[in-house]
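I have placed the structure first, in the form of structure tokens, so that the comments after it can refer back to it.
The values are calculated or read from the model by the stated rules, or taken from the named source; none is laboratory data. Please read all numbers here as calculations on a predicted model, not as lab measurements. Every residue, glycine as well, gets a Cβ built from its backbone with ideal geometry; the counts of neighbours run over all protein chains shown.
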Amino acid sequence: MKSQFPDLALLGWSLTGDFGGLTAYTTEKGKVVMFPRAPPLNPPSDAQQLQRDRLTEAANEWALFPLGTQQKWQQAARRASLRITGYNLWVYWHMSGDTATVATVSHQSGIDLVSTLPP
């Protein structure tokens, strides 16, 4: 479906998500793609709900970090030239427990993240 909002990028807006009966996203080239919303037909499984709960927990823990700690994670991700944000790195660690990767990013960026991890 052709975008009805071609000038949104000029305003600095990136259209994504569900809007009424449509789902929209913006491509890497800035084109807005819209299609009819396709809600799930079945309720989430127990495993899906567990993953959603874990993601919510990760987001809530991130929100409780002091601003300085959040900035350290963001800066470490940038300095290590990751293609993800510090928040995404935090969520990755929260979901995987992969402290070795966080230690590597800390080493590459020169920013200590390991000390910010919960015990």
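Those helices (runs of 4 or more DSSP H) of the range 8-119 in which 3 or more residues are of a type in the set (Ser, Thr, Tyr) and at pLDDT 90 or above occupy 86-96, 99-109.
With respect to the conditions (1) under 13 Å from the mean Cα position of the chain (by Cα); (2) among the hydroxyl-bearing types (Ser, Thr, Tyr); (3) surrounded by 15 or more Cβ atoms within 10 Å (Cβ to Cβ), THR56 falls short on a single one, namely (3). For the range 86-93, the criterion of being without any contact (Cβ under 8 Å) to a residue 12 or more places away in the chain, surrounded by 11 or more Cβ atoms within 10 Å (Cβ to Cβ) and not assigned by TED's automatic domain parsing to the domain that holds GLU28 is met by at least one residue.
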